[in-house]
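The structure under discussion appears below in the form of structure tokens.
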């Protein structure tokens with residue numbers, strides 16, 4: 001975002017409309033379906049307003065990914081991970097994440113494309129995603145699980161998840177394989193956890 005000051009209520013509402021419009025357009029046409037002028041028209045704002053909040057299409061799409069993961073985090077808070085072991089609870093969260101991506105392949109490919117594009121927005125969005133990803137996965141661990149080990153496992157799963165998102169988006173792996181790679185990693189890290 002281009003300004004450091006907190007947004008007013010109206011600004012925040014406009015910014016969310018722009019993000020929602022980008023997601024709608026990505027649903028319809030993937031990455032190429034998101035054009036800044038079309039986003040402005042769909043959100044019923046001036047083109048300058050879109051550029052006020054987002055420096056580029058990639059910035060806009062990367063922020064959309066962040067918004068999606070934050071919405072998933074709210075869902076995880078409302079419906080905590082299920083399972084009697086740490087592994088089962090971690091797998092529950094990972095499956096929710098990958099299922100959401102698979103259900104919306106056009107949007108997923110578009111936002112991943114924005115997220116991996118060069119520029120400072122990608123770094124900022126990746127950091128925000130990392131924080132949200134970590135917070136979600138932490139809920140799967142019991143309070144007595146060693147914090148240092150927990151954080152290393154979460155960080156490693158985050159890197160594998162990100163790598164598999166890119167592999168899936170680029171067509172290197174089918175969705176099922178990418179999802180399985182992530183689950184295999186969780187099983188390796190947590191096989192002896194409980």
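What follows is calculated from the coordinates using simple rules that are stated; it is not laboratory data. What you see is a predicted model, and the numbers here were worked out from it, not measured in a lab. When we count neighbours, we look across all protein chains shown, and the Cβ atoms used for this are built from the backbone with ideal geometry, even at glycine.
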(request) Report, in degrees rounded to the nearest 10, the 0 to 90 angle that the Cα long axis of helix 9-29 makes with the longest principal axis of the chain. (result) 80
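Starting with the fewest neighbours, write out 101, 36 ranked by other beta-carbon atoms found within 10 Å of each beta-carbon. Please report the intermediate quantities before stating the final value.
On the way: 101 25, 36 16.
Arranged by neighbour count, lowest to highest, 101, 36 become 36, 101.
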(message) For the pair residue 32/residue 82, report the inter-label distance in nm, with labels modelled 7 Å from Cα in the Cβ direction.
(response) 4.1
(request) Mind pulling the angle between the C-alpha long axis of helix 120-138 and the longest principal axis of the chain? Nearest 10 degrees, somewhere in 0 to 90. (result) 40
(request) State log₁₀ I(q)/I(0) for the stretch 49-179 at q = 0.09, 0.21, 0.22 Å⁻¹ as given by the Debye formula over alpha-carbon point scatterers of equal weight, solvent excluded. (result) -0.27, -1.29, -1.38
(request) Among 184, 144, 32, determine the one that fluctuates most according to a GNM of the chain built with springs between C-alpha atoms less than 10 Å apart. (result) 144
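Taking all pairs of different Cα atoms in the stretch 129-181, averaging 1/r and flipping that mean, what Kirkwood radius in angstroms comes out?
12.0
Under the rule of -39500 (n - 2.57) per DSSP H run of 4 or more residues, summed and divided by the residues of the chain, what mean residue ellipticity at 222 nm is obtained, to the nearest 500 deg cm²/dmol? Walk me through the intermediate numbers first.
Working: 9 runs with 146 residues, N = 194.
So the calculated ellipticity at 222 nm is -25000 deg cm²/dmol.
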(message) On C-alpha positions alone, give me the angle between the axis of helix 147-169 and the longest principal axis of the chain, in degrees, nearest 10.
(response) 50
(message) Kirkwood hydrodynamic radius, the stretch 41-101, all distinct C-alpha pairs: what's the number in Å?
(response) 13.8
(request) Arrange 139, 86, 8 by Cβ neighbour counts within 10 Å, fewest through most, would you? (result) 8, 139, 86
